[in-house]
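Data block below; observations after.
The values are calculated or read from the model by the stated rules, or taken from the named source; none is laboratory data. Note that the structure is a prediction, hence the values are computed from the model and not measured. All Cβ positions, glycine included, derive from the backbone under ideal geometry; neighbour counts span all protein chains shown. Each accessible area value is taken on the protein alone, full model and side chains, heavy atoms only, with ligands, DNA and RNA left out. Shrake-Rupley method; radii C 1.70, N 1.55, O 1.52, S 1.80 Å.
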Amino acid sequence: MAAVNMNVADSSVKSVVVHPLVLLSVVDHYNRVALSTRKRVVGVLLGEIYKGKCDVKNSFAVPFDEDERDPTVWFLDHLYLENMFAMFKKVTARERIVGWYSTGPKIRSNDLMIHELFKRYTKSPIYTILRVTTEEQEIPSEAYISVDEVKDNGTKIEHTFRNVPSEIGAIEAEEIGVEHLLRDVKDQNVSTLAEKVQARAVGLGALKSRLKDIRDYLEEVATGKRSINHEITDNLQNIFNLLPNLNVEDMIRAFAVKTNDMMVILYISSLIRSIIALHDLINNKADFIDQLKKEQEEKLKKKEELAKKKKEEEDKKKEAEEKSTEKSSEMEGTSN
């Protein structure tokens, strides 16, 4: 099986940082042009490169179309690109063309041809795939640079892409703007603990997908479908060397103690939560009984007041009748 070496055309770019404004621009571009379709959109990335770090600070859309049946047939309006860059340069002279983007979601066969076109505007362009419809909550960007793949058996050199680390970064002003945007999006009913649990679940899901990619790659190499890449195998060997040896007795005991401590905390927390809930239930029932007694006492008091008032009215009526009879008898006695 032939081994493969990577000869990078320009190794000045070590990492790529995508700023929030670029993400918003790409999402807006996709929603305007390719929403509810299978098409992708393409645009230009603007930024600066300093000490191997590429800051992608701005972008603009470019008219692009391609034939889905024939990948070699595609169109990119480079005149529009040049006019737009000339206008951007008048506003921010420090920003220059550092590469191009597409909404992928994966590398396509004609991407190398498009990449060669962008070498007219920058020596070593960066190709960034920005996913706008990803289901997994992970970093939506993947950055690539062009490399020459040289095989040890002396076959023809192949031009291909190599992944470089990418991240989402922002300056202080951009962070403030993003926080204001998230205030309208963030669910205020979700607690901090739920957010932490969700973040852990997302991280484990991303780890699972990466492990699946490693497994698929090793299976393809083992079956001869893919040539071995020594750089990838060296990185995998470094990863395996960093894994702890779980067969050591002290390590097993440490994991068991840590797990037991966590389970005890969870058990005590459940007991406390149950006791508090029971205590609240008893308090609510006691308050309900007190309220019921107060209502019954108020009703009884009202009945007594009504009975007393009725009796007073009857006494007054009786007294008035007695007075009227006495006056009538006195009048009869005077008339006699």
Item to complete: Multiply the residue separation of VAL197 and SER270 by 0.36 nm, subtract the distance between their alpha-carbon atoms, and state the gained length in nm to one decimal.
Response: 24.5 nm
Practice prompt. Take each of the peptides 111-121, 299-309, average the number of other beta-carbon atoms within 10 Å over its residues, and list them starting from the highest.
Written response: 111-121, 299-309
Practice prompt. Calculate how steeply helix 172-185 sits against the longest principal axis of the alpha-carbon atoms of the chain, using the helix alpha-carbon long axis, and give the answer as 0 to 90 degrees to the nearest 10.
Written response: 50
Worksheet item: Listed here are the pairs LYS39/LYS119; LYS57/LYS225; LYS123/LYS225; LYS39/LYS89; LYS196/LYS258; which of them are more than 31 Å apart at the Cα?
Response: LYS57/LYS225; LYS123/LYS225
Fill in: Carbon + sulfur, % of accessible area of segment 284-336 - ligands and nucleic acids excluded, 1.4 Å
51
Response to the item:
Measuring from the longest principal axis of the C-alpha atoms of the chain, the long axis of helix 192-223 (C-alpha) lies at a number of degrees, nearest 10, equal to 30
Worksheet entry | Spin-label model distance (nm) - ASN260 vs ILE139, 7 Å beyond Cα toward Cβ | 4.0
Item to complete: Could you sort 212-219, 255-262 so that the peptide with the highest average Cβ count within 10 Å comes first and the rest follow in order?
Response: 212-219, 255-262
Worksheet item: Angle between the Cα long axis of helix 78-91 and the longest principal axis of the chain, 0 to 90 degrees, nearest 10?
Response: 60
Worksheet item: Given the C-alpha centroids of segment 202-222 and segment 289-309, what is the distance between them in whole angstrom?
Response: 75
Discussion item. Using 0.36 nm times the number of residues separating LYS316 and LYS302, minus their current alpha carbon distance, what extension gain do you get?
Written reply: 2.9 nm
